[in-house]
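Here's the structure, in structure tokens; my notes come after.
The values are calculated or read from the model by the stated rules, or taken from the named source; none is laboratory data. This one's a predicted model, so the numbers in the text were calculated from it and none came from an experiment. SASA here: full protein model, heavy atoms, side chains in, ligands and nucleic acids out. Shrake-Rupley method; radii C 1.70, N 1.55, O 1.52, S 1.80 Å.
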Amino acid sequence: MISVALAESLKAAGLPWRPASGDRFVIPHRNMDETVFHVSEMTIEVHEHVGLGVVKFNGTTEWALDSVAQEDVLWLPREDQLREALGPELIALEHDADRWIVTYRLDGANRRVTDDDVEHAYARALLDLLGG
């Protein structure tokens, strides 16, 4: 799972999020950074209210938390979502010993990033593509 700091960088760089079932998120900077939530039709739903996204917590499964503005939550994209966001710019994923290597195209040239976590490697490549 990518770090909160890396997710914040992707959000600041303009990575759009349309919440869907199975998405992971945190509510940052409220002493809840370590608590990862999952969008689920049964317990956590996303609705629009007055034109803005609202993440609603159903039932008693999530304490007394009723809802929070979508803009106040932070999406933690999964590996498949990061790959999809890289789109046709993604050239290859390789594993060398204990490092993941992502090769992608930016401005007509191949670039590479490495990381010991595959999601972090994809996210760092995507951050570069987004100009973050």
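Between Asp33 and Arg111, 0.36 nm times their residue separation minus their Cα-Cα distance comes to what? Please list the in-between numbers first.
Values: separation 78, 0.36 × 78 = 28.08 nm, distance 3.15 nm.
Separation in residues times 0.36 nm, less the Cα-Cα distance, equals 24.9 nm.
If each residue of separation counts as 0.36 nm, what is the full-extension length gain between Ser40 and Ala20 once their alpha-carbon separation is subtracted? Each step should come with its number before you reach the end.
Details: separation 20, 0.36 × 20 = 7.20 nm, distance 0.80 nm.
My answer for the length gained is 6.4 nm.
How many Å² of accessible area per residue for segment 64-132, probe 1.4 Å? Kindly include the intermediate steps, with their values, before the conclusion.
Working: 3710 Å² over 69 residues.
I get 54 Å² per residue for this part.
Which option, (1) 0.96; (2) 1.05; (3) 1.02, is the value of Rg/Rh (Cα atoms, Kirkwood Rh) that was calculated from these coordinates?
Of the labelled values, this structure produces (3).
Between Glu34, Glu89, Glu119, which gets the highest mean-square fluctuation from a Gaussian network model of the chain, Cα cutoff 10 Å?
Glu34
Of Ile101, Ile27, Ile91, which has the largest mean-square fluctuation in a 10 Å C-alpha GNM of the chain?
Between Ile101, Ile27, Ile91, it is Ile91 that shows the largest mean-square fluctuation.
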